[in-house]
Structures are given as structure tokens and as C-alpha cells.
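Report on the structure given below.
Here, each number is a calculation from the coordinates, and none is a lab measurement. Since this is a predicted model, take the numbers as computed values, not measurements. Methodologically, a virtual Cβ is constructed for each residue, glycine included, from the backbone with ideal geometry; neighbour enumeration extends over all protein chains shown.
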Amino acid sequence: MKNIVGVALVTLLTSTFSMAQEDRKIEQAIKHRQAAFTLMATYWSRILQTVEGTRPYDPDAVIIDARKVEYLSRLPWEGFVAGSEKGKTKAKDDIWLDEDQFKKLAKDLETKTTKLVKEAELKDPKKLKVAFEQARNVCSTCHKEFRKK
Ligand code: HEC
């Protein structure tokens, strides 16, 4: 009898423990992707200001910022784990219902930010602007479809 209670108690404790662990994993995943977006937005807004003319055009600085955006654009996605539609997040549930579309837009951003680097390296502000707008369309399309206001 004692043994059975003991086993039940251990089972209960173990499952409570792994649930807490699972919650923690999800919380970490959400923080990870938000941090990646926040960092990406730092370098992104500098280029935005340049394109909009509120920041003097410094071709070398733009190249460095564009490379950071390119690198950071690879990082948010691993934070979109199953179950992470709940919690402190603005991500819509649709991400998991229409995963193909979400992944397509994520890939699109990677391609467009690589192009942004290539165009920035040409040091032609007109080409920079075009590449920037193309990448920006991906940001807004994805936010419209998959991010809560
Ligand atoms: C494939 C979809 C997708 C693309 C592309 C995308 N985002 Fe997002 N973004 C999201 C989602 C979803 C969230 C909400 C994340 C959350 O709250 O868990 C978000 C959140 C953010 C946030 C807020 C982060 C925070 O701390 O809450 C910023 C800033 C951001 N994105 C900037 C950008 C910029 C800039 C681009 C383009 C260069 C971009 N995003 C491209 C899906 C995307």
C-alpha cells in the first residue's frame, strides 16, 4: 500500500515538474523570438531613416547594418515552437494553422535581406531603396497575417 502511494506521488511530482519545464521552454521560445525581432528592428530602423532621408547616407554604415539585419532575420523562427501561441505574445494562432504560408514569408525575409546586403554593397541609394521596400513588404505582409495589433 505504502509503495503504491509512493509511486503515485512520484508520478504526480514528475509530471508537475515536466509541465513546469514545458511552460518554461515555451516562455523562453517567445522571449527568444521577440528579442530577435527587437534587435533586427534596431538596425532596420537605421536603414529606414537613411532611405527616408532623415539620416545622412553613410554607405559603409548601411552595409554593416544590412548585414546585421540579414543575420538576425534568421533567428526569430526557432522561437515559434508548438504551444507558443499562448502566453505573452502577439503571435496569432494562424501561424500553426497555416504553417506553410508563415514559413514561406520567413524564407522570403531571409532572401530579401540577403538582397538588401548585395544592393547596399553597390552603394547606390536608389537600388538600396528598392531592395529595402521589397523587404519591408515582407515585414508588413507577415505582420498583417500573423501578428495581433
Ligand atoms: C514571417 C513573419 C514575420 C516577418 C517576415 C517579420 N515579422 Fe516581425 N513579428 C512577427 C510576429 C509573429 C511577431 C510577434 C511575436 C511575438 O509577440 O511572439 C513579430 C514581432 C515583431 C516585433 C516586436 C517584437 C517584440 O518585442 O514584441 C518587431 C519590432 C518586429 N516584428 C519587426 C519586424 C521587422 C522590422 C521585420 C522585417 C524586417 C519583421 N518583423 C518581419 C512576424 C514576422
Next on the checklist: Which residue fluctuates most in the GNM of the chain (Cα springs below 10 Å): Ala61, Ala20, Ala29?
Outcome noted: Ala20
Checklist entry - Which far-off residues, 5 or more places away or on another chain, put their amide H under 5 Å from the one on Val81, with H placed in the peptide plane? => result none
Checklist entry - Per-residue HN-Hα couplings for region 51-65, Karplus 6.51 cos²θ - 1.76 cosθ + 1.60 at θ = phi - 60°, whole Hz, x for Gly and Pro? => result 5, 7, x, 8, 10, x, 6, 10, x, 5, 5, 5, 4, 4, 5
Checklist entry - Which ordering of Leu128, Leu122, Leu13, Leu39 is given by a fewest-first count of other beta-carbon atoms within 10 Å? => result Leu13, Leu122, Leu39, Leu128
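Counting only helical runs of four or more DSSP H residues, what would the 222 nm mean residue ellipticity of the chain come to if each run contributes -39,500 (n - 2.57) and the total is spread over all its residues?
Details: 5 runs with 114 residues, N = 149.
One gets -27000 deg cm²/dmol as the mean residue ellipticity at 222 nm.
Order these by the 10 Å Cβ neighbour count, fewest first: Lys149, Lys68, Lys107, Lys126. Spell out each step's value before the answer.
Working: Lys149 5, Lys68 19, Lys107 12, Lys126 9.
Ascending Cβ contact count within 10 Å gives the list Lys149, Lys126, Lys107, Lys68.
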Checklist entry - Non-local amide H neighbours of Arg147 (under 5 Å, H modeled in plane, Pro and chain starts lacking H): which ones? => result Lys92
Item to check | Most mobile of Val62, Val130, Val138 in a GNM of the chain (Cα contacts under 10 Å) | outcome: Val130
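First select every other residue whose beta carbon is under 14 angstrom from the beta carbon of Phe80; then total the charges, Lys and Arg +1, Asp and Glu -1.
Working: positive: Lys25, Lys31, Arg33, Arg74, Lys86, Lys90, Lys92, Lys103, Lys104, Lys107, Arg147; negative: Glu27, Glu78, Glu85, Asp93, Asp94, Asp98, Glu99, Asp100, Glu145.
For residues surrounding Phe80, the net value is +2.
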